[in-house]
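What follows is a single structure, written as structure tokens, with notes after it.
Every number here is computed from the coordinates shown, using simple stated rules; none is lab data. Being a predicted model, the structure only gives us computed values, none of them experimental. Cβ placement follows ideal geometry from the backbone for every residue including glycine, while neighbour counts extend to all protein chains displayed.
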Amino acid sequence: MTSIHTFYDPEAEYAVGVDIGGTKINAGLIHRSGEVAYTASVETRARERNVIGRAQAAIETVLIGAGLLVWEQ
């Protein structure tokens, strides 16, 4: 089973928001000033039963796109 952890850090520069819909999952990276730094959208593919994994992919796309997450190979 997948668990979701939420936390709030008032000192954080950014926050991530996720909207899981029936056809797509939208994720956004928001700067503490309120500016939208980066957004991404992926298909939900609800019938594949991996919606949380798809949400994780959207979040990773946002973080990579904003330069806050780098994959080392």
Worksheet, complete the sentence: D (µm²/s, integer) via Stokes-Einstein for the chain, Kirkwood Rh across alpha-carbon pairs, 20 °C, 1.002 mPa s: value 164 µm²/s
Item to complete: May I ask you to derive the relative contact order of the chain, considering only C-alpha pairs under 8 Å and at least 6 residues apart, and to give it as an integer percent?
Response: 24 percent
Practice prompt. Using only Cα atoms, tell me the angle between helix 51-65 and the longest principal axis of the chain; keep it within 0 to 90° and round to the nearest 10.
Written response: 30 degrees
Worksheet, complete the sentence: Within the under-15-Å Cβ sphere about Asn50, not counting Asn50, Lys/Arg +1 and Asp/Glu -1 give a net charge of +2
Response to the item:
Taking every other residue with Cβ under 14 Å from the Cβ of Glu13 and scoring Lys and Arg +1, Asp and Glu -1, one gets -2
Worksheet, complete the sentence: CD proxy, 222 nm, the chain: helix-only mean residue ellipticity via -39,500 (n - 2.57) per DSSP H run with n ≥ 4, per residue, nearest 500, stands at -6500 deg cm²/dmol
Worksheet item: Along the positive direction of the dipole of segment 14-65 (beta-carbon charges: Lys, Arg +1; Asp, Glu -1; about the Cα centre), which of Ile25, Ala15, Thr61 reaches farthest?
Response: Ile25
Worksheet entry | Net dipole in debye of the chain [+1 Lys, Arg Cβ; -1 Asp, Glu Cβ; about Cα centre; nearest 20] | 440 debye
